[in-house]
Every structure is written in C-alpha cells, then in structure tokens.
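The structure appears right after this line, and notes come after that.
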C-alpha cells in the first residue's frame, strides 16, 4: 500500500488583486480632486496681492485658515465615515470644495476670503478622510502600503499638474476662469466618486459604548506623532530652500525642489511596493533614518552639492514614511473604525504644515536658515527614538503573521500615508 506523502512546503499564494475597477476609479477621483487643489496654489497669492490689495501677512492668513478647519473637522469626518460610509464623505467634500471656490471671486477683502477658505478646508477634510479610508478598505492587507503609495502619488501628481493648468488658465481667462475651472475639476472628482462603490462594511460589529462617540482614535495617535516628527522637518525644508539657495550661490530652488519631488513620485510609482517588501517597522525606521541624514547633510554642508544630496536622501525617506504610517495605523483595527483612525492620523499632517513653518521660522530668525534643517533632523530623530521605544510596527495580529508567513520577503505592508506634503 502506498503511503501518501505530505509536503511541508506551503504552495506560494497568488498576490490578491489591487487594481480593481473601484480602486482605479478612486485613484482618478483623487487625482481630479488634488488637481483642483493644486490650481489654487498660484492663483490665491495673485488674487490676494492683486485685486484684494493684501500683503504677505494676508497671503499667509488666507492659506493658513484652510488648515484650521481641516484639522478640526477631520475627527468628526472619520466618525461619520464609519457610521454612514466613505462615499458620502467624498461626495460632500468635493461639492463643498467646489462651491466654496466659486465664491472666492465674490470676496471683497482678504479677511472675507480667509473665511471662505475655512469652508474649503472643511471640504478637504471630508474628501481626504473618505478617500484615504476607502483606499485602505479596497486594498488587501499585504498590499496596503502599495495602495497608500499610489494614493499619495495621485496627490503629488495633482498638486504638480494643477499649478500648470492654473497658469495657462490665468493667462487666457484671468482669475475668474481659474475659480470656475477649479470648481469644475472638483465636480469631476465627485462624478468619478459615483463610480466607486461604498467600501464601508455592510454589517460592522457593533462598537463598544465607550467608542461610539470617540473623535480621537488611540490607534491613530502614535502613528500620527511619528508622521508629525518627520513632516515638520520636511515642511521647514520646503519653506526655506527657496531662500537658502540664494545664500549658497544658487540661482533658484527649481533644481532642488524638482529633484525632491521627482524622487518621491518615482518611489511611489515604480517603487510603490517597497513599504510592503520592507515591512512596516523596517520601512518606518529606514524612512526616519534617511530623513535625519538628509536634513543634517543639508543643514551642515553649505554648498549646492550638499543641498542637492540632502534633498535626495530626504526624498527617499519621505516617500517611504507616509504610506507606511497610514497602513500601519489601520492594520489591527476593525474595518468599522478605520475612518476614525485615518482621521486621527491625518490630522497630524495639518498640524505639521500649520506649526512646522512657524516654528522653523523662529529657528531661522534665531540661528540662521541652515539651523532649520538641523532642527528638522532633530525632530525626525525624536520620531525614530519613539518608534524604537514603543516597538511601533511589529506584527501584532494573527492575520498579519499569516500574511508574513504566506508571502515570504514581501511581508505585510501594513504601512501608511503623506498628505499634502507636495502642497508646500
């Protein structure tokens, strides 16, 4: 009689599908929305300084109020998304953003425009939380890092394309044409969202009474702080590079910022799987280490070569960090709580871009512009220490361990996101 043999080797499992019709529709909706957001970057300063007669302070006020409402509304948006769905958030966010932009041309003063920008920020909070949560819902656990890389790529491309479209529109039709074109592009995003099915679990497990009205989710706090630690340095880098290049004999910051953005886009497209291949903890530690090195090189090697090299190293770190952090944040939480987690984590992005340039401005005023980059390196280093101390990124759930076992060196890409890093 023949004894059956048992193989101790598990057959390799095919990678689950990521690029479904819903995922592709969501990616194009995100690209349309962030293209609309990018169109405002060159238009708003011209409008404030031109027709409204404002100065630098007014420009800063108009841009800054957007982040205020965005960060305040994110927690409520996350809670609503978990209760009612991700798609209503995106539809409402795109609609609110579009209508508010149409009202820009009616503003008689910078102060009134800043008030309207509060409404735009509310729209951004709704759309971003719904979008980011939907991406995590649609992605298999072991491809979540890749999904968030591609989500942030849509953001970067949109912010890159938008200003170019706006410049052409201003040249041909003026600022009024930009407001209309921006609103139309945001409306296109809403139409594309209609093609995305609702991703909220149809029968989520009932949440404990203590968590039903929770606006800040504990699972999103630590990843958010780590994200904040790195983005503060990046925000200071982007804000002060245009001035620092003049101090070291460069004609403009175009090469430095172009190299920085190009590397981020390259890694988040061609290298979108890197966060999954490395695994969450390793990717985050590598990203923070590279951020420290890049910022320190830029802050201590006061030559064009030093600045470009620092920008390259920093860009690799930023490209790895944000997708990994977002996916990690939702790795071990129920699907019915993902919206709250994404809202909590992403709120730290708004805090970083609001407080980062201000705090780094104080550093520059006290110690000089190179000190801004060194201070950013210190902040990223503090994030690295926090990650090591808390063992953030270690596989915790049985599902994660199974994914690591089943996919070998691909591991589990429970990693997370970057926001509007390209906006500045």
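What number does segment 219-346 give for Rg over Rh if you use C-alpha atoms and the Kirkwood radius?
Reported Rg/Rh (Cα atoms, Kirkwood Rh): 1.04.
Tell me, what is a quarter of the convex hull surface for the C-alpha atoms of segment 226-279, in nm² with one decimal?
Averaged projected hull area, Cα only: 4.7 nm².
May I ask you to order 319-332, 31-44, 372-385, 299-312 by the average number of other C-beta atoms within 10 Å around their residues, highest value first?
319-332, 31-44, 372-385, 299-312
Okay, which of segment 39-70 sit inside 11 Å, backbone N to the point 7 Å along the Cα-Cβ direction of residue 171?
Inside the label zone: nothing.
Could you tell me the relative contact order of segment 21-193? Use alpha-carbon pairs under 8 Å, at least six residues apart, and round to a whole percent.
The value is 45 percent.
In whole Å, largest first, what are the principal axis extents of the Cα atoms in segment 301-391?
Reported extents, whole Å, longest axis first: 50, 25, 23.
Would you mind computing the Rg to Rh ratio of segment 21-193 from its alpha-carbon coordinates, Kirkwood style for Rh?
Ratio of gyration radius to Kirkwood radius for segment 21-193: 0.99.
Give the separation of the Cα centroids, segment 147-185 to segment 62-135, in Å.
The two parts, judged by their Cα centres, are 17 Å apart.
Please compute the Kirkwood hydrodynamic radius of segment 61-121 from all pairs of different C-alpha atoms, in Å with one decimal.
12.2 Å
Out of every Cα pair in segment 70-165, what percent are spaced more than 24 Å from each other?
30 percent
Averaged across orientations, what area in nm² does the convex hull of the alpha carbons in segment 44-94 project?
Here the figure is 4.2 nm², rounded to one decimal.
How long is the gain from residue 111 to residue 195 if the chain were fully straight, where each residue apart is worth 0.36 nm and the alpha carbon distance is subtracted?
26.5 nm
Take the Cβ-Cβ distance between residue 277 and residue 99 as r, set R0 to 45 Å, and report the resulting FRET efficiency rounded to the nearest 0.05.
About 0.60, to the nearest 0.05.
FYI, it's all coordinate maths here, none of it is from the lab. Keep in mind that this is a model prediction, so the values were computed, not measured. Cβ sites come from the backbone with ideal geometry, for glycine too, and all protein chains shown count toward neighbours.
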